[in-house]
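Undergrad: One structure is given below, represented as structure tokens, and several questions about it will come after.
Only the coordinates and a few stated rules stand behind these numbers; no lab work does. Small disclaimer: the values here were computed from a predicted structure and weren't measured. Here the Cβ positions follow ideal geometry from the backbone for every residue, glycine too, while neighbour counts run over all protein chains shown.
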């Protein structure tokens, strides 16, 4: 199930948009509408992309759209040129575009209308100018781009040099690794935008069709930024769990029967005061990672501070108690290692409080208390059930903490 969710999050929405466009092209549905669409589609995507990039201070989107426009126009201008010019432009675009995407995936948002923004724009503009200069003054650059350094030639349907194809392939692998590490929707957008752009580069000389596919690359990036904005509004930045706002939205969709659990980290304030907020944040992330994997179909949210909420749609208390007890035990047994210089890593330890380990690590125990309630005649709205679960949580704490109470 976890693998399915990860594949779905990787595939959506960029992979879906790419496959839709690829299907239309492969099944030749384009003839009836492509001409009309290309009159509007590219300008709409570019306009919306640049506006979103500027208005929401998303410089990576802004510059990526400019790069896609530059590549598309360069290919369009070279269509009537001699074959060697077309080959040079195509290979140069396939070499530089993925490398630029990698750079954009690594930089932080620093705005557009400032010194850094102007400097980045200058570097983007200089790249095609440098290529033109090299082509006219150093013809051997064409030979360099077409050197075959691998024993296996590329298939005929890939009109790229080995160097250019390698840049696309290696950059794609790197971006996938970046997405696995960060789960950043824009990184995912770069991956599928690059896949779409590669598809366009294999169809050079197709005129409007190439422009249409590059426009889809831009659309993928625009949608990924919108998804990122949605995530910022509905997902807690520290723990990665859905936020209180997402919980309120979730309450509107609950079925007739459900259970809600309120969870709280025991003695978190004392832990925070003793070891510092940075270590406290690490504890929150560790606990949140366990709560996110709760069994029984539970949906996890950060309620606020050190409190979390787990909703079990369609489940009664008897069904969810074993799941919550297992979650409590997992967190208790995982332990937490506090390092002398302030960093922390999760470590399994049998609650060896205060046990100093090699390298200055101190093993501490982290536990949670849980209160749970279900919808019934007395508690017939999510807010009422949450209050009942809160009261149960208070009982769990009053009875000694590190337990589940109903």
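Undergrad: Could you put 50, 121, 150 in order, starting from the residue whose Cβ has the fewest other Cβ atoms within 10 Å?
TA: Working: 50 19, 121 15, 150 11.
Sorted ascending by nearby Cβ count, the order is 150, 121, 50.
Undergrad: Now for a different question. For residue 253 and residue 36 in one chain, what is 0.36 nm times their gap in residues minus the Cα-Cα distance, to one decimal in nm? Walk me through the numbers before you get to the answer.
TA: Working: separation 217, 0.36 × 217 = 78.12 nm, distance 4.06 nm.
Gain on stretching residue 253 to residue 36: 74.1 nm.
Undergrad: At 0.36 nm per residue, minus the direct Cα-Cα distance, what do residue 202 and residue 326 gain on full extension? Give it in nm, one decimal, please. Mind showing how you got there, number by number?
TA: Details: separation 124, 0.36 × 124 = 44.64 nm, distance 5.26 nm.
Taking 0.36 nm per residue and subtracting the Cα distance, the gain is 39.4 nm.
Undergrad: Still on this structure, I have one more. In degrees between 0 and 90, to the nearest 10, how far off the longest principal axis of the chain does helix 208-234 point, with axes built from Cα atoms?
TA: Helix 208-234 sits at roughly 20 degrees to that axis.
Undergrad: With the crude spin-label approximation of a point 7 Å out along Cα→Cβ, what separation in nm comes out for residue 156 versus residue 233?
TA: 5.1
Undergrad: Please give the calculated 222 nm ellipticity per residue for the chain, where each DSSP H segment of at least 4 residues contributes -39500 (n - 2.57) and the sum is spread over every residue; nearest 500 deg cm²/dmol?
TA: Values: 16 runs with 246 residues, N = 406.
That comes out to -20000 deg cm²/dmol.
Undergrad: Running a GNM on the chain with Cα contacts under 10 Å, which residue among 291, 147, 265 ends up with the highest mean-square fluctuation?
TA: 147
Undergrad: For the stretch 2-234, just say rounded, prolate or oblate: build the C-alpha gyration tensor, square-root its eigenvalues into a ≥ b ≥ c, call rounded for a/c under 1.5, and beyond that prolate if a/b exceeds b/c, oblate if not.
TA: Values: a/c = 1.41, a/b = 1.27, b/c = 1.11.
Here the stretch 2-234 falls in the rounded category.
Undergrad: Continuing with this model, one more query. Only one of the listed values, (i) 83, 55, 45; (ii) 79, 55, 36; (iii) 70, 52, 44, was derived from the coordinates as Cα extents along the principal axes in Å; which label is it?
TA: (i)
Undergrad: Continuing with the same structure: How many angstrom lie between the Cα centre of the stretch 161-208 and the Cα centre of the stretch 92-147?
TA: Between the Cα centres of the stretch 161-208 and the stretch 92-147 lies a distance of 16 Å.
Undergrad: Moving on to the next point. Which percent, to the nearest 5, of DSSP beta bridges fully inside the chain are antiparallel?
TA: Working: 28 of 30 bridges.
Just about 95 percent of them are antiparallel.
Undergrad: Sticking with the crude label model, points 7 Å out along Cα→Cβ, report the distance from residue 273 to residue 116 in nm, one decimal please.
TA: About 3.8 nm, to one decimal.
Undergrad: Hey, fewest Cβ within 10 Å first, where do 308, 149 land in order?
TA: Fewest-to-most ranking of 308, 149: 149, 308.
Undergrad: What's the exposure ranking of 262, 12, going from fewest to most Cβ atoms within 10 Å?
TA: Working: 262 25, 12 15.
By the 10 Å Cβ count, ascending: 12, 262.
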